[in-house]
Every structure is written in C-alpha cells, then in structure tokens.
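Trainee: Before I ask anything, let me first share the structure, which is written out below as structure tokens.
The values are calculated or read from the model by the stated rules, or taken from the named source; none is laboratory data. Just so we're clear, the structure is a prediction, and the values are computed from it rather than from any experiment. Positions of Cβ are generated from backbone atoms using ideal geometry, with glycine treated the same way; all protein chains shown enter the neighbour counts.
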Amino acid sequence: MLSHEQTSSVTSNQESNTYPWLSQRAWVEINLSALSYNVKQVLRILSAHTQLMAVVKADAYGHGAVTVAQTALESGASWLGVATVPEGIQLREAGIKAPILILGATHTPEQIHAIAQWKLQPTLISPKQALVFSNTLEAINCKTPLPVHVKLDTGMSRLGTNWQEAAEFVQLVERLPHLTIASIYSHLATADSLDPTTMKQQQQRFEQVIAQLRTVGIEPPCLHLANSAATLSDKALHYHIVRVGLAVYGLYPADHFRLNIDLKPVLQVKARVTQVKTIPPGTGVSYSHQFIASDELRLAVVGIGYADGVPRNLSNKMQVLIRGQRVSQIGTITMDQLMLDVSALPDVQEGEVVTLLGTEGKEQITAEDWANQLNTISWEILCGFKHRLPRVAMT
Ligand SMILES: *Cc1c(COP(=O)(O)O)cnc(C)c1O
C-alpha cells in the first residue's frame, strides 16, 4: 500500500533501448518541468502572504505522489494536502518534511497515533471527533500539542461542522488539551461556475464565522478556502493558503480559466503498437464486432486497454497520435489491448509509440478531451490510470 510508487527517473525521451521502461507495452510519462512550470505560474498570481498547498491526494491524481510532492516543494509549494493517513505516511517515508494536511476525516485511535507519530496534521470536523483526538493524545501522554485544522461546512454539504455551529465548535477545540488550531478552512462547491453567487454566499458565511470568533477573542492563525478554480478566479478567496490540485497538473477546472493562466499538462499516456495487419472489406473488429471495415483497412493493435485506465466507453470514439497525426481507434476497447485504423499511415511499425494523452508536434489530446467525450471531469480521467502503467518521470 505504502510503496506503490513505480516511478523511475530517466533524463531524456530519446528513442533507444538503453532504458528498461522503453520495453514497456504502455506507460505514463510525468513531465516534471511542466509540473514545476505550473507551480510557478500559480505562485505568480498569489500575494506574498499566501502559501501554496499542492494537493497530492490519490497518488497525486495518478501522477505519483512522492515525485510530484518533491518537485512541487522544490518549485515553491510549502504545504502538501492528502486525503488519508497512509497517503501522508508514504510522503514522510520518502523523507518529505513539509507540513502535510490530511483533508479527509480521521477518527480512530490507530489513525490518531499514526498522525502524531508521523507529524501529520488532521482535519477536525465535529465535537465528538475532536474529543477522541484530545483523549487519545492524553492517553499516549503526548507532550507537544497537535496542530489541527478546523473544517467548516459553508455550503458544500460534505465534511465539516455546519457554519451556524462553527464558532462554538472552534471555541471547544481551543479549550481541549493537546490540540492547537493551525487553521480554519472550508471548501467551495461551485468555484468553477461562471455565476459567483453561491461561491460568494459560502465566502460570506466563512467570513461571518471568523468575525464571530474575533468577538470572543479568537484570532485564527490561518484561513483557507480556495481550490484550483477559486485560486484562478478571485484573489479575495486566497487568504493564507490556497489548496491547488488540478492546476498543478496542468489542467483547467473550466474553460473560462484559460485566459487567467498558462498551464501545461503534466501527464502523458503512451503505448506501443504490438502488431500491424491488413484486413479486407467487411471484416469485424474486436468483441461483438462493433466496428466493421467498409474498405480494406490497415489495422494496428496497441498494448493498452481498460485495465490500464483507458475508458471502455471511448470505444470507436477516441483518437490517438502516431507520428504527430491523429488516428482513429476502432472496435471495442479490450482489457489489455485496443485497435487503430492506420490506413493513412500504412507503414506504421510494430514497436512504434502511440500517444493516447499528450502532445505530438502540433497535435494535443488532453484528459479534458476524454472527459468531454465521456460527460465526466478531467479529475476522474487522471485518477483512472492504474498502477500497471509504470510512471516515468521526465525532466
Ligand atoms: C481535492 C481538494 C482540493 C483540490 O481541488 P482541485 O480542484 O483539484 O484544485 C482542495 N481542497 C480540498 C478540501 C480537496 O478535497
């Protein structure tokens, strides 16, 4: 669980068999220069008093958590955000010293022991949970207070204490032994929308809680509210930390943010042609013959399938890049393989590299393109690539 990282580092993308990963049938390339570029682009729009938290949950959205965390920190991020305790431990085991916020809920004494041991910082969501934290830390005779982050629900209706009860909750946490409030935060539901009404309402509720706290003499040391979309949309949402995931990976939370910042996709998905053949007119391709060749057709088999994270619902709909040209995928995508119509490139060779997501010359296919075709979001596409695909870090 903890050492899933398959990332191997190579220094260049030259076509040779010097590097063992080149013999792979399929792999994910992680462009660390693009990652560093994106981090710096986000930093450019932040004020000096705002820090960047790189959100690296879910194995850094499928990019490989340790490599991404190290590069993001080297490029100017100062915090890391994860979803779970094991995700945090994985970073600590790799020697990462930066503060790590666990965005998800933690409840059990075992989780609390691990949090204290690995110097992770939990999210507190309710009085009951806060008491378990305080009591567990008392039982293990914890000497230094644990920094905790109080999460308010201002309208997302997900994790956190409802904003109406938030001031009371913060005062309770303040009084509990073994805990010290490191920040107060909330999460926005509609920051990617062109209509800011709901977002503004959430921000107002957040501000209202902070004002209430000030009247009872509590000045929160740190506030944060913004995900990628909020970070790109309005400086007034930045506060002391912005929690940025998607933009660090080079994708836009929505189209209208393209004007605000230049980002470069970090992840590319590649696979090799494993066989090339010619099929006569009328030949069916793949399971259930969902594609029938109308003319003679040059067919290439590629060694990647839905078990690697290529959505089967893209069957007969997707395009890939070979030699900088767009080529159509044909027939049902199978577990480990898919087929292409390479009639326009009849001399394609076995072993040639196919780009499923990425850039070749002037052509680019992004996770967003797939998301649009599938009526989902690019976050889900990125998280869908399985560990069977080695992550190859390119500098
Ligand atoms: C995942 C997550 C983020 C990052 O969201 P992006 O839209 O990818 O920037 C920020 N905050 C919280 C609480 C999250 O769960």
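Trainee: I'd like the full set of residues that are under 19 Å from Val248 (Cα atoms) and part of a loop (DSSP other than H, G, I, E, B), limited to the range 75-119.
Mentor: Correct list: Ser75, Gly76, Ala77, Ser78, Ala83, Ile96, Ala98, Pro99, Leu103.
Trainee: Mind listing just one residue for me: the one in the range 369-395 that is buried (at least 19 other Cβ atoms within 10 Å of the Cβ) and within 18 Å of Tyr306 (Cα to Cα) and, of those, nearest to the ligand (Cβ to nearest atom)?
Mentor: Residue satisfying both the conditions and the ranking: Trp379.
Trainee: Right, next: Please specify each residue of the range 183-198 satisfying the condition of being more than 9 Å from the ligand (Cβ to nearest atom) and within 18 Å of His240 (Cα to Cα).
Mentor: Scanning the range 183-198 gives Ser183, Ile184.
Trainee: Then there's this: Suppose we filter Ile184, Ile210 for residues that are crowded, with 22+ Cβ neighbours inside 10 Å and either within 24 Å of Thr71 (Cβ to Cβ) or in contact with a Pro (Cβ under 7 Å, 6 or more places away or on another chain) (or both); which single one remains?
Mentor: Step by step, each of Ile184, Ile210 is checked, and only Ile184 is crowded, with 22+ Cβ neighbours inside 10 Å and either within 24 Å of Thr71 (Cβ to Cβ) or in contact with a Pro (Cβ under 7 Å, 6 or more places away or on another chain) (or both).
Trainee: Could you list, in sequence order, all residues of the range 71-94 that are closer than 24 Å to Ser47 by Cα, within 16 Å of the ligand (Cβ to nearest atom) and surrounded by fewer than 17 Cβ atoms within 10 Å (Cβ to Cβ)?
Mentor: Result: Ser78, single match.
Trainee: Would you please name the residue that is surrounded by the fewest Cβ atoms within 10 Å (Cβ to Cβ), looking only at residues in the range 226-255 that are of a type in the set (D, E, K, R) and more than 8 Å from the ligand (Cβ to nearest atom)?
Mentor: Taking the candidates together, the pick is Asp255.
Trainee: Further, regarding this structure: Please go through the range 152-183 and pick out each residue that is assigned to a strand (DSSP E or B) and free of Cβ contacts under 8 Å to residues at least 40 places away in the same chain.
Mentor: Asp153, Thr161, Asn162, Thr180
Trainee: With Leu345, Leu340 as the choices, which residue is at pLDDT 95 or above, assigned to a strand (DSSP E or B) and outside the structural domain of Thr71 (by TED's automatic domain parsing)?
Mentor: Unique residue meeting the criteria: Leu340.
Trainee: Which of (1) within 16 Å of the ligand (Cβ to nearest atom); (2) more than 26 Å from Ile45 (Cβ to Cβ); (3) buried (at least 22 other Cβ atoms within 10 Å of the Cβ); (4) not charged (D, E, K, R) does Trp163 not meet, given it meets every other one?
Mentor: (3)
Trainee: Moving on. Which strands (runs of 3 or more DSSP E) sit wholly inside the range 237-332 and have at least 1 residues that are over 30 Å from Ile45 (Cβ atoms) and in the same structural domain as Gly361 (by TED's automatic domain parsing)?
Mentor: 267-279, 297-302, 319-322, 325-330
Trainee: What residue, of Lys40, Lys97, Lys119, is surrounded by fewer than 20 Cβ atoms within 10 Å (Cβ to Cβ) and on the phi > 0 side of the Ramachandran plot?
Mentor: So the residue among Lys40, Lys97, Lys119 that is surrounded by fewer than 20 Cβ atoms within 10 Å (Cβ to Cβ) and on the phi > 0 side of the Ramachandran plot is Lys119.
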